[in-house]
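S.K.: Starting off with a structure, shown below.
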């Protein structure tokens, strides 16, 4: 029996290639009414964040066995209605971890090296190189620490490894990711917590 899969949001060709052993229909931009009309013929539904899988859609999904969310959250899927219908809802929480970690690390480096300020200065026609170099905002010899976001935090900290300079990386797996230097850690500890 060949299972029918409906892909209702844009997905990369690489992602679609994984599904080649199934009958796959890619139909994006569907309204709720459109989905209600066609969902009854599908065994599986693959969405990203654009498609809202409502109780009304699930009520019409007579053959549906599984909804796959290509991404982290499932807030666009009525999980309770799916559960009542016996439809499995799954996601891919690690799907964009590397991209998010690389972006986070790039932004951290940008902030540490004053790149936004230097760029703004250049846009004004200035060349104040001395203000943006040698300021001591170097990562070599610094301690990086991660609090929380265990998978993402570990991936970001992994971007800083291996540390041949004596610095080290680690995370505690509980709170918000922080990146700090030894010399500003005291200031960070003494600063008031936002919202207090």
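Taken together, the values in this text are just the output of simple stated rules run on the coordinates, not laboratory data. Note that the structure is predicted; figures quoted are calculated from it, not measured. Ideal geometry is used to build each Cβ from the backbone, glycine not excepted, and the neighbour counts take in all protein chains shown.
S.K.: For the stretch 1-121, what's the relative contact order in percent, using C-alpha pairs closer than 8 Å and at least 6 residues apart?
M.R.: Worked out over the stretch 1-121, it gives 20 percent.
S.K.: Could you compute the FRET efficiency for residue 129 and residue 96, with r as their C-beta to C-beta distance and R0 at 45 Å, rounded to 0.05?
M.R.: Given R0 = 45 Å and the Cβ-Cβ separation, E is 0.80.
S.K.: Under the classification rounded if a/c is under 1.5, otherwise prolate if a/b is larger than b/c and oblate if not, where does the stretch 4-91 fall, given a ≥ b ≥ c as square roots of the Cα gyration tensor eigenvalues?
M.R.: In terms of gyration-tensor shape, rounded.
S.K.: Between residue 26 and residue 122, what is the spin-label point distance in nm, taking each point 7 Å from the Cα along the Cα→C-beta axis?
M.R.: It is 3.7 nm.
S.K.: Ranking 154, 21 by Cβ neighbours within 10 Å, fewest first, what do you get?
M.R.: 21, 154
S.K.: Say R0 is 30 Å: what FRET efficiency, to the nearest 0.05, do residue 80 and residue 107 get from their beta-carbon distance? Mind showing how you got there, number by number?
M.R.: Working: r = 37 Å, r/R0 = 1.22.
FRET efficiency, residue 80 to residue 107: 0.25.
S.K.: With a 10 Å Cβ neighbour count serving as the proxy for reagent exposure, in which order, fewest first, do 42, 3 appear?
M.R.: In increasing order of surrounding Cβ atoms, one gets 3, 42.
S.K.: Right, another one. Ranked by Cβ crowding within 10 angstrom, fewest neighbours first, how are 92, 8 ordered? Don't skip to the answer; put the middle values down first.
M.R.: Details: 92 13, 8 25.
Result, fewest neighbours first: 92, 8.
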